[in-house]
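Okay, so here's the structure we're looking at.
Values in this text are rule-based calculations from the coordinates and carry no lab data. Since the model is a prediction, treat every value here as computed from it, not as a measurement. Counting neighbours? That spans all protein chains shown, and the Cβs are built from the backbone with ideal geometry, glycine included.
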Amino acid sequence: MSTAMMLAIVILLPLLLFGWQFRSVRAGWWHRFPTQAEYLTRYPDIAASARAHCVHCGSAEILDTGVFGPTSTWRLHCCERCKNPLWRSTSP
Ligand SMILES: [Zn+2]
């Protein structure tokens, strides 16, 4: 094995492990949020209204964001006004 290859492994392996850890931490964090159905069950007042809105400030402007960047299939829906995360979903 060449020195360059050894060096690459020594540098890349911790980076990969760190990236993987970072992903699982984010995944655990994301799973703490309810799904939209759970969110509506938890707050019957919101389910009864015409549009799903923020439980914190009442805003109906919900921002759909990706957990691992804009194209991520793991979505987190946050309030546009107070920026509180509300519920999670997945996109196909
Ligand atoms: Zn809000």
Requested in this report: Pick out, in residue order, every one of the chymotrypsin sites (Phe, Trp or Tyr not before Pro) in region 4-78 that is DSSP loop and has at most 16 other C-beta atoms within 10 Å; say none if there are none.
Outcome: Phe68
Query raised in the report: What angle do you read, to the nearest 10 degrees and between 0 and 90, between the alpha-carbon axis of helix 3-31 and the longest principal axis of the chain?
Result: 10
Report task. Could you list Cys82, Cys54 in order of exposure, starting from the residue whose Cβ has the fewest other Cβ atoms within 10 Å? Result -> Cys82, Cys54
Query raised in the report: Going by how many other beta carbons lie within 10 Å of each one, how would you line up Ile9, Ile62, fewest first?
Result: Ile9, Ile62
Report task. Normalising by the residue count of the chain, find the relative contact order in percent from Cα pairs under 8 Å and 6+ residues apart. Result -> 22
